1. I want to confirm something. Restricting to segment 83-107 and keeping residues that are modelled with pLDDT of 85 or more and out of contact with any helix residue (DSSP H, G or I) (no Cβ under 8 Å at 6 or more places or on another chain), which single residue is surrounded by the most Cβ atoms within 10 Å (Cβ to Cβ)?
2. Just to be sure, is residue 75 outside the structural domain of residue 35 (by TED's automatic domain parsing) and either under 29 Å from residue 49 (Cβ atoms) or free of Cβ contacts under 8 Å to residues at least 40 places away in the same chain (or both)?
3. Taking the stated definitions as given, is residue 110 exposed (fewer than 10 other Cβ atoms within 10 Å of the Cβ) and without any contact (Cβ under 8 Å) to a residue 40 or more places away in the chain?
4. For segment 113-136, which positions are loosely packed, with under 13 Cβ neighbours inside 10 Å and part of a helix (DSSP H, G or I)?
5. Just need a number here: residues in segment 55-69 that are in contact with a helix residue (DSSP H, G or I) (Cβ under 6 Å, 6 or more places away or on another chain) and surrounded by 10 or more Cβ atoms within 10 Å (Cβ to Cβ).
């Protein structure tokens, strides 16, 4: 009976075959929106629908199984929407709240206020005061 080939051996052989040192794909998308925009592709139809929908102030639902790119789609969508709004010479605050560790509505509102104030703190001293107050 021949020894079983390890899964790691197969993985390393695949990397070598493709002349790679590491897997270029990661479980989470990059934090840099410009880098994400460079590697994000294949969802133009979804972006064509979602960007005007969000611009008009409506909600969208993104759902699917683990690992199909929901977070990458959302982060790229936010980046693209921000770019389109700037191109229209308009101002819009676009926020992404991935999760809110709270059970009460007041915790949700506090998290939302924190996200808004944090995104505006560079331009507005009152926003900085709110951030400082919420952080203690």
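1. 83
2. no
3. Answer is no for this residue.
4. 125, 126, 129, 132, 133, 135 - these are the residues of segment 113-136 that are loosely packed, with under 13 Cβ neighbours inside 10 Å and part of a helix (DSSP H, G or I).
5. Total meeting the criteria: 2.
The values are calculated or read from the model by the stated rules, or taken from the named source; none is laboratory data. In this text the structure is predicted, and so the values were computed from the model without any measurement. Note that each Cβ is placed from the backbone with ideal geometry, even for glycine, and that neighbours are counted across all protein chains shown.
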